[in-house]
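The values are calculated or read from the model by the stated rules, or taken from the named source; none is laboratory data. Predicted model, so just to flag it, every value in this text is computed and none were measured. All Cβ positions, even for glycine, are placed from backbone atoms using ideal geometry, and neighbour counts span all protein chains on display.
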Amino acid sequence: MDSVERPTWAPVDIDLSRPSIARVYDYWLGGAHNFAVDRAVGDKVQADVPVLKTIILNHRSFLRRAVRYLLSRGIRQFLDLGSGIPTVGNVHEIAQAADPSARVVYVDVDPVAVAHSRAILTGNELVGVLQTDVRDARGVLKSPEVRHLLDFDQPVAVLMVALLHFVPDSDDPRGIIEAYHDAIPAGSFLAMSHAGYEEGEWDPAWDDAKGVYNRGVSELTYRSKREIERLFTGFDLVEPGVERLPLWHPESPDDLDENSSSFLGFGAVGRKG
């Protein structure tokens, strides 16, 4: 792709002839920051797992609802871990529409996602983008981007949306959360969505979907509702607790359908007391 075809938001050091999972997600979410090569990959994976797009859209919808809930609780600082490209329904647009002084730091390890994010967010001085592994909580919290924008004397919302199901048990997801929990002040929140299931309801077809996803996108770890609840140790869950994603604070009956009560994923928000 030559320079004439390269849009202004696409950094010059990014190879646009190679698909990017960050831009594939952008495509699935209905964003405009993707190319034909990304759409081809997205269509292939979706053909193998038709329900995938619905799942991803539900995680994004949960993010929007959670941010609005946190704003209603007075939160004006957001640390979005594993953010990808800040595309449709992103945190800073929702937060700054409610309060133009709201501050957001996006964190992702993917250099493509980070490069696109920085290009898109140029000129917004209250939003930062950090490229690092979210598992390195100390590195995230000590970074210039976080130290400059977020005041840890005031409550902060840590967002882990569609993130921890990409962290295997061997990487200690509970320990990762603990590190962020210990750094944020009382009155702060954790918002999380996670692929998961109720004990006793396992469907072998989910293994097939997981296999397709692992080959085409990234390694995925399902966890049970009980395991997800344990990830919130140290936080007081707000109502309704760990709930199927479509059922967590739906904004209208249109958010729900006949599959909402069996959705393969949960969301919750917890407050540090």
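Going through 158, 107, 134, 146 one at a time, which residue ends up being of a type outside the set (Asp, Glu), in a loop (DSSP other than H, G, I, E, B) and in contact (Cβ under 8 Å) with a residue 12 or more places away in the chain? Can you show your working first?
Working: 158 fails: in a loop (DSSP other than H, G, I, E, B); 107 fails: in a loop (DSSP other than H, G, I, E, B); 146 fails: in a loop (DSSP other than H, G, I, E, B).
Matching residue, one of 158, 107, 134, 146: 134.
The residues of the stretch 239-273 that are hydrophobic (A, V, I, L, M, F, W, C), buried (at least 18 other Cβ atoms within 10 Å of the Cβ) and within 19 Å of residue 190 (Cα to Cα), listed by number, are 242, 245, 248, 266, 268, 269. Residues of the stretch 220-261 that are aliphatic (A, V, I, L, M) and touching a residue at least 12 places away in the same chain (Cβ under 8 Å): 220, 228, 231, 237, 238, 242, 245, 247. The residues in the stretch 163-184 that are over 19 Å from residue 237 (Cβ atoms), in contact (Cβ under 8 Å) with a residue 40 or more places away in the chain and not in a helix (DSSP H, G or I) can be counted, and the count is 2.
Every residue, every condition in (1) in contact with a His (Cβ under 7 Å, 6 or more places away or on another chain); (2) assigned to a loop (DSSP other than H, G, I, E, B); (3) in contact (Cβ under 8 Å) with a residue 24 or more places away in the chain; (4) surrounded by fewer than 21 Cβ atoms within 10 Å (Cβ to Cβ), yes or no:
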{"position": "34", "(1), (2), (3), (4)": "no, yes, no, no"}
{"position": "50", "(1), (2), (3), (4)": "no, yes, no, yes"}
{"position": "63", "(1), (2), (3), (4)": "no, no, yes, no"}
{"position": "75", "(1), (2), (3), (4)": "no, yes, yes, no"}
{"position": "78", "(1), (2), (3), (4)": "no, no, yes, no"}
{"position": "83", "(1), (2), (3), (4)": "no, yes, yes, no"}
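Do you know which of the residues in the stretch 132-164 that are under 16 Å from residue 177 (Cα atoms) and among the acidic types (Asp, Glu) is modelled with the lowest pLDDT? Only one residue fits best here, namely 133. Within the stretch 233-273, the set of residues being at pLDDT 85 or above and among the hydroxyl-bearing types (Ser, Thr, Tyr) comprises 233 only.
Once the stretch 98-111 is narrowed to residues that are modelled with pLDDT under 95 and acidic (Asp, Glu), the residue that is surrounded by the fewest Cβ atoms within 10 Å (Cβ to Cβ) is 110.
Is it the case, given these coordinates, that residue 129 is closer than 30 Å to residue 224 by Cα, modelled with pLDDT of 95 or more and of a type in the set (Val, Ile, Thr)? Considered against the rule, which asks whether it is closer than 30 Å to residue 224 by Cα, modelled with pLDDT of 95 or more and of a type in the set (Val, Ile, Thr), residue 129 comes out as no.
Let's see how each residue does on (1) under 26 Å from residue 243 (Cβ atoms); (2) at pLDDT 80 or above; (3) among the hydrophobic types (A, V, I, L, M, F, W, C); (4) outside any strand (DSSP E or B):
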position: 8; (1), (2), (3), (4): no, no, no, yes
position: 23; (1), (2), (3), (4): no, yes, no, yes
position: 38; (1), (2), (3), (4): no, yes, no, yes
position: 44; (1), (2), (3), (4): no, yes, no, yes
position: 67; (1), (2), (3), (4): yes, yes, yes, yes
position: 70; (1), (2), (3), (4): yes, yes, yes, yes
position: 87; (1), (2), (3), (4): yes, no, no, yes
position: 96; (1), (2), (3), (4): no, yes, no, yes
position: 113; (1), (2), (3), (4): no, yes, yes, yes
